[in-house]
Amino acid sequence: MGAMSTKQKIGWIAITVVVLLWSLFPVVSILMTSFKTQAGLFSGRFLPPEWTLENYETILAPGGSAQDLFLPALRNSIGISLISTFVAVVLAMFCAYAIARLDFRGKKLILTTALAVSVFPVVSIVTPLFNLWRTIGLYDTWIGLIIPYLSLTLPISIWTMTAFFRQIPWELEQAAQVDGATPFQAFRKAVVPLAAPGVFTTAIIAFFIAWNDFVYGISLTSTEAARPVPAALSFFTGASQFEEPTGAISAAAIVVTVPIVIVVLIFQRRIVSGLTQGAVKG
Amino acid sequence: MTTSASAAEKAAASRRKKRSDRSRSEGRLGWYLAGPAFVIMLLVTLYPILQALWDSLFSLRLTAPDETELIWFRNYQVVLGDPTFWQSLWVTVLITAITVAIELVLGFILAMVMHRAATKLRGIVRTAILVPYGIVTVVSAFAWFYAFDINSGGYINNWFDWLPGITEDLNWFAGQGTSLFVIIASEIWKTTPFISLLLLSGLAQVPGELEEAARVDGATGSQVLRRVILPNMKAAIMVAVLFRALEAFRIFDNVYIMTNGANNTEVLSLLAYNTSIGRLEIGLGSAISVLLFLCVLIIAFIAIKGFKVDLAGTRGER
């Protein structure tokens, strides 16, 4: 693109402002709600009439009324999402390597299965799991969530990484094998470093998906032993039955959103290229 | 499941007997590497689906487990004969159709913005567009809910009271139309970035020379768009529409948070959830789940047929 005229510049700035408003307004809105006092909530105003940290104390400070609900949920969410991301990425990495690199029957079957798995409605899967988990004792446990999360994260991880791995120049691996490395050594030394960005992008996407889950979270857990944040948010109650927990939920929403926004900010370029490669590449 | 994988392995191996040792060991290695992921995917989803199919044939209620009885297709009869089901199906189809249509247009505009944004602004624009996608759906549902809900001090009524029909005490969540409006708006806000991303990758595939040539030949902007850009993005548009439609049809979180199905806003996923997990009517709930699954399959089939694009091909297979 050549040099822009002043008119074009102003046009682009205007478009950027509109895009920023559209994308960030609801986030700022919930941020403002999180700083409102109970009375301020009902002002019907966007900015808090009176700023307070009370809501953050409710969910984070010792003795805060929602602290028992929020902090265990935060711990569960982080732990469960990280573990399921790790397992999915490792399994998908081997799978995608095989599909992209090796010649064997059943490649198409695996890719088609992955696609089919990702169109299953979660709600159709959750009832049988609910029963089975109760029978075998996985209900309300970390593993009881990690396993179903794999059904969400594995398919997209396999597809994305297969697309990434196809772009790797495989001569390097052959060269390593000629130099006497075993296939595994060649994979580890020559392929893994080149594949790292793709693996990394996939991990971010998988983490988002696990972090975002709600249906499994509310259906397969019942206590703070495993309940993740999205489910816990829907269990918040006010100080009395007449008081909506609006402020506390908003504060909790901000606490769980901040890391995600930071991740998007830092990695937006990689996420964009990673997603688009995984999705449409002729 | 392990047995079927190893059976497949053996079958694959036997077909290869005539081939060289090297390719045989390559095939084995392939299945060793890909097998675990494959088996886990099947274990996690195949079993529940079969179980749901099986459960849907029984009068299974967890509140009365002793009265379980094989009743064949009577659950389906009950579900299909219940106006609640058809109401939910209609609401789900409505939400899907409206969100996908609006998101396609909006997503295309945003993709164009991301594609053409001046280098200096590109980073900001792309990050901003991606933010809603990174936000947990439950959180975005609360954000929209609080902005509109008068019982928790929503400011929307105050801001827009100059619009006809909006008054200070308008309760958005008291009626079907207004509730659906907020649900759809929040869904569009949350998932448009997904469509934009896919369309952006499609835009990147349009050969720049073609566009230039058309412009040199005197084509107007809209001609270039219709004759050059859109035809070349067909695959990307198909993938975007298909995956968004499948997602939209399974909408759950927003509705659960905002109305929990009140005022005829109960979507199919929520109906299935409330029936099985809420009321512990596992048999009936399973029947609804199976019907939901069938609907999703039909959507996928129509989209793939309608666009005449090989899905496997567009998703990265060569």
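Here, each number is a calculation from the coordinates, and none is a lab measurement. Quick caveat, the model's predicted, so the values are computed rather than measured. Virtual Cβ from ideal backbone geometry, glycine too; neighbours counted across all protein chains shown.
Descriptive notes on the structure:
- Helical segments meeting 24 Å axial Cα length and Kyte-Doolittle 1.0 threshold in chain B (DSSP H): B:83-116, B:176-205, B:282-307
- The charge dipole of the protein assembly as shown, taken about its Cα centre with unit charges on the Cβ atoms of Lys, Arg (+1), Asp and Glu (-1) only, comes to about 2980 debye.
- Diagonalising the gyration tensor over the Cα atoms of the range A:35-124 and scaling each eigenvalue by 5 before taking the square root yields semi-axes of 48, 17, 12 Å, largest first.
- Isotropic mean projected area of the C-alpha convex hull, the range A:117-183 (nm²): 6.9 nm²
- Kirkwood estimate for the range A:106-154, i.e. one over the average of 1/r between Cα atoms, Å: 11.8 Å
- Of the three principal axes defined by the Cα atoms of the range B:11-142, the extents in descending order read 65, 62, 24 Å.
- Once you divide the Cα radius of gyration of the range A:34-73 by 2.2 N^0.38 Å, the number left is 1.29.
- Across A:G11, A:G217, A:G180, mean-square fluctuation computed from a Gaussian network of chain A (C-alpha pairs under 10 Å connected) peaks at A:G11.
- By the compact-protein rule of thumb, 2.2 N^0.38 Å, the alpha-carbon radius of gyration of the range B:242-290 corresponds to a ratio of 1.16.
- In chain B, taking the dipole from charged Cβ atoms about the Cα centre, the farthest positive-side position among B:V39, B:L29, B:L70 is held by B:L29.
- Rounded to 10°, Cα long-axis angle of helix A:6-34 versus longest principal axis of chain A: 60 degrees
- Radius of gyration (Cα atoms) of the range B:167-318, expressed as a multiple of 2.2 N^0.38 Å: 1.39.
- When restricted to Cα atoms, the range A:81-139 yields an Rg and a Dmax of 15.0, 42 Å, respectively.
- Per residue, the Cα convex hull of the range B:97-212 amounts to 146 Å³.
- Kirkwood-type hydrodynamic radius, the range A:6-51: 12.2 Å, calculated from all non-identical alpha-carbon pairs.
- Exposure proxy for A:D213, B:D55, B:D82, B:D169: other Cβ atoms within 10 Å of each Cβ, ordered fewest to most, give B:D169, B:D82, B:D55, A:D213.
- Sites B:L62 and B:I124 - FRET efficiency at Förster radius 45 Å, r taken between beta-carbons, to 0.05: 0.30
- Taken over the alpha carbons of the range B:31-90 as equal point scatterers, the Debye sum produces base-10 log I(q)/I(0) values at 0.12, 0.15, 0.23 Å⁻¹ of -0.49, -0.66, -0.96.
- Semi-axes of the equivalent ellipsoid for chain B, computed as √(5λ) from the eigenvalues of its C-alpha gyration tensor and ordered from largest down, come to 38, 36, 17 Å.
- Think of the protein assembly as shown as having a plus end and a minus end, set by charges on the Cβ of Lys, Arg, Asp and Glu; of B:G81, A:W22, B:L297, B:L297 sits farthest toward the positive end of this dipole.
- Taking B:M238, A:M161, B:M41 and counting other C-beta atoms within 10 Å, the order from fewest to most: B:M238, B:M41, A:M161
- Helix-only mean residue ellipticity at 222 nm for chain B, each DSSP H run of n ≥ 4 adding -39500 (n - 2.57), per residue, nearest 500: -23000 deg cm²/dmol
- Dimensions of chain A from C-alpha coordinates, computed as largest minus smallest value along each principal axis and given longest first, are 73, 69, 32 Å.
- One equal scatterer on each Cα of the range B:221-302, no solvent, Debye formula: the resulting log10 I(q)/I(0) at q = 0.13, 0.20 Å⁻¹ is -0.56, -0.90.
- Diffusion coefficient, µm² s⁻¹, Stokes-Einstein with Kirkwood Rh over alpha-carbon pairs of the range B:203-269 at 25 °C and 0.890 mPa s: 164 µm²/s
- Under a 5 Å amide H cut-off, with hydrogens placed 1.01 Å from N, B:F58 pairs with B:I71 among residues at least 5 apart or on other chains.
- With a simple spin-label model that places each label point 7 Å from the Cα along the Cα-to-Cβ direction, the separation between B:L225 and A:I136 comes to 5.4 nm.
- Fewest neighbouring Cβ atoms within 10 Å first, the residues B:E168, B:E266 line up as B:E168, B:E266.
- Scattering curve values for the range A:57-198, log₁₀ I(q)/I(0), Debye with Cα scatterers, q = 0.12, 0.20 Å⁻¹: -0.67, -1.17
- The calculated pair-distance distribution of the protein assembly as shown uses every alpha carbon pair, bins of 20 angstrom beginning at 0, and gives 18, 52, 27, 3, 0 percent.
- A simple spin-label model places pseudo-atoms 7 Å from Cα toward Cβ; at B:L50 and A:A225 they are separated by 2.8 nm.
- HN-Hα J in Hz across the range A:141-156 - Karplus 6.51, -1.76, 1.60, θ = phi - 60°, x for Gly and Pro: 10, 4, 4, x, 9, 4, 4, x, 4, 4, 5, 7, 8, 4, x, 5
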